[in-house]
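Some notes on the structure that comes next.
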């Protein structure tokens, strides 16, 4: 999961987006890359060992089919959340064209045409409700 700075300011159903990120990463046992200045808040709120890395750097490394953040083999799925729309669009375009081995999911509330899957454009309430449904599904396992 790649986490951007918007997670520090966004709310979903009066709940900080940061708490969704932590809950989802723990439930799905996903390694987390903290971009911008999100590493410290993630760690302070209970996420063990978020890896701090720049957006350009992580995008570049994901193009390499042999690279792995956790040394458990190459990544085949990337979840993005809290990255500004314009920057995320460029990341997803790069991955779409130069990292075909990676599937991408955007959990932000705006449609991302370069992602393999994203929400459609949603209002704040619908987005938050869908994040809650996603959390229940992941926890049910």
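Every number here is computed from the coordinates shown, using simple stated rules; none is lab data. No experiment lies behind these values; they were computed from the predicted model shown.
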Work out how much length residue 29 to residue 138 would gain on full extension: take 0.36 nm times their residue separation and subtract the Cα-Cα distance, in nm to one decimal.
38.2 nm
Run the helix sum for the chain: -39,500 (n - 2.57) per DSSP H stretch of 4+ residues, divided by residue count, reported at 222 nm to the nearest 500 deg cm²/dmol.
-12500 deg cm²/dmol
Debye intensity ratio I(q)/I(0), log10, the chain, q values 0.10, 0.12, 0.15, 0.22 Å⁻¹ (C-alpha model):
-0.30, -0.44, -0.70, -1.60
Only bridges with both residues in the chain count here: give the DSSP antiparallel percent, nearest 5.
15 percent
Just subtract the alpha-carbon distance of residue 40 and residue 125 from 0.36 nm times their residue separation and send over the number in nm, one decimal.
27.8 nm
